[in-house]
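Visitor: The structure under discussion is supplied below as structure tokens; questions concerning it will follow.
The values are calculated or read from the model by the stated rules, or taken from the named source; none is laboratory data. Just so we're clear, the structure is a prediction, and the values are computed from it rather than from any experiment. All Cβ positions, even for glycine, are placed from backbone atoms using ideal geometry, and neighbour counts span all protein chains on display. The protein model used for the area step is the full one, side chains on, heavy atoms only, and it has no ligands, DNA or RNA in it. Shrake-Rupley method; radii C 1.70, N 1.55, O 1.52, S 1.80 Å.
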Amino acid sequence: NMIDLKSREKQVLLQEDQLLLAPPAWVQGIRTYGWHHTSRSIIYTRNAAGSSSLWQLEVDSKQNKLINVSPYTTINQLSISPVDDQFAFIGSAPAIPQRVVRWNGHTLVVEARGDAESTPPDFLPHVQPISWQAPDGSQVHGLYRPPTNPEYTYDGLPPAIIYIHGGPTSQVTSDYAPEMAYLTSRCYGWLDVNYRGSTGYGRSYQDSLRQRWGQIDVEDAIGGAQALIDLQLADQNRLIIRGGSAGGYTVLNALARHPGFFKAGICLFG
């Protein structure tokens, strides 16, 4: 929304279903948008299916233009120059560790790298968005990373780790994840469950966990694992659930309420 300070008139510049422009303000200094130096447009990030994109919204015409930031799929800490057309952000992708990236007005320039970037890309799993239906009929979302190792093959269906993020209003994105790659390179599948209550799928999706924490996050952990079974992506007899903080609480609930469904559970500071 934009408000005229003199007339108090309010204009809606951007309104779409399942669109949430800002993550929960857990910590200070989160930046997901900024004014162009002309003050006539806003550059902002948006999130869909666990991936980020960058857009420029003209205030007068309400024209919305996509800015190409390929190959980056996760954008954080957007910073807009106050004097020219440049901007910068922290970018990453499943096969790219975090980098400080600058748009110089014509192209993207890597200013700094956060990791050595020495892992061969063939050992890093691609990210596949999946969704499944909850018991109440609503859609639940997740990101699947398959076993990935060019030096090995396996017979049958792989074991899978079902990962439950913390928060509970956090989110797992299509980011560089060396810990996950360590396990997927050893023939584990990995499912990030962005259960109902997660950021990135609209305000109503995030708010759906209210008064039901400990219930629907557990439903979605079971539902995500079952989706892998139904899609022939995981061995139903070799499922592991893992999570920390709020996710660790979900792990304990899932093990207590669905004994035997998971063969192991890892609760980190639940």
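Visitor: Filter the stretch 203-224 down to residues that are of a type in the set (Ser, Thr, Tyr) and part of a helix (DSSP H, G or I) and give me whichever is least open to solvent (accessible area, probe 1.4 Å).
Guide: Among those residues, the one meeting the criterion is Tyr205.
Visitor: Return the residues of the stretch 161-202 that are in contact with a Leu (Cβ under 7 Å, 6 or more places away or on another chain) and in a loop (DSSP other than H, G, I, E, B); say none if nothing qualifies.
Guide: Scanning the stretch 161-202 gives Pro168, Val172, Ser174, Arg196, Gly197, Thr199, Gly200, Gly202.
Visitor: A further question follows. Considering only the stretch 103-132, how many residues are among the hydrophobic types (A, V, I, L, M, F, W, C) and assigned to a strand (DSSP E or B)?
Guide: 7
Visitor: Kindly list, by first and then second residue, each pair from a residue in the stretch 247-270 that is within 9 Å of Val218 (Cα to Cα) to a residue that is open to solvent by less than 60 Å² (accessible area, probe 1.4 Å) and of a type in the set (Lys, Arg), limited to pairs with Cβ atoms under 8 Å and residues at least 6 apart or on different chains.
Guide: Val251/Arg242
Visitor: Every residue in the stretch 11-51 that is over 30 Å from Val83 (Cβ atoms) and either exposed (fewer than 11 other Cβ atoms within 10 Å of the Cβ) or of a type in the set (Phe, Trp, Tyr) (or both), please.
Guide: Correct list: Gln15, Glu16, Asp17, Trp26.
Visitor: Which is modelled with pLDDT of 95 or more and surrounded by 21 or more Cβ atoms within 10 Å (Cβ to Cβ), of Gly189, Gly248, Gly200?
Guide: Gly189
Visitor: Okay, next question. For the stretch 55-102, which strands (runs of 3 or more DSSP E) that fit wholly inside it have 3 or more residues that are surrounded by fewer than 17 Cβ atoms within 10 Å (Cβ to Cβ)?
Guide: Because the criterion is at least 3 residues that are surrounded by fewer than 17 Cβ atoms within 10 Å (Cβ to Cβ), the strands (runs of 3 or more DSSP E) in the stretch 55-102 that meet it are 64-67.
Visitor: Which residues, counting only those in the stretch 174-204, are more than 13 Å from the chain's Cα centre (by Cα) and of a type in the set (Phe, Trp, Tyr)?
Guide: Answer for the stretch 174-204, where residues must be more than 13 Å from the chain's Cα centre (by Cα) and of a type in the set (Phe, Trp, Tyr): Tyr182, Tyr188, Trp190.
Visitor: Residue under question is Gln215, and the condition is that it be without any contact (Cβ under 8 Å) to a residue 40 or more places away in the chain and of a type outside the set (D, E, K, R); does it hold? Full working, then the answer.
Guide: Working: without any contact (Cβ under 8 Å) to a residue 40 or more places away in the chain: yes; of a type outside the set (D, E, K, R): yes.
Considered against the rule, which asks whether it is without any contact (Cβ under 8 Å) to a residue 40 or more places away in the chain and of a type outside the set (D, E, K, R), Gln215 comes out as yes.
Visitor: I'd like to know if the stretch 133-155 contains one or more residues that are of a type in the set (Asp, Glu), in a loop (DSSP other than H, G, I, E, B), touching a Pro at 6+ places or on another chain (Cβ under 7 Å) and open to solvent by 30 Å² or more (accessible area, probe 1.4 Å). Talk me through it step by step, then tell me what you get.
Guide: Filtering the stretch 133-155 down to residues of a type in the set (Asp, Glu) leaves 136, 151, 155.
Cutting the leftovers down to in a loop (DSSP other than H, G, I, E, B) gives us 136, 151, 155.
Still in the running and touching a Pro at 6+ places or on another chain (Cβ under 7 Å): none.
No: the stretch 133-155 contains no residue that is of a type in the set (Asp, Glu), in a loop (DSSP other than H, G, I, E, B), touching a Pro at 6+ places or on another chain (Cβ under 7 Å) and open to solvent by 30 Å² or more (accessible area, probe 1.4 Å).
The rows are residues; the columns are (1) under 14 Å from Trp190 (Cα atoms); (2) outside any loop (DSSP other than H, G, I, E, B).
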{"site": "Gln232", "(1), (2)": "yes, no"}
{"site": "Gly243", "(1), (2)": "yes, yes"}
{"site": "Gly247", "(1), (2)": "no, yes"}
{"site": "Leu252", "(1), (2)": "no, yes"}
{"site": "Pro259", "(1), (2)": "no, no"}
{"site": "Cys267", "(1), (2)": "no, yes"}
{"site": "Gly270", "(1), (2)": "no, no"}
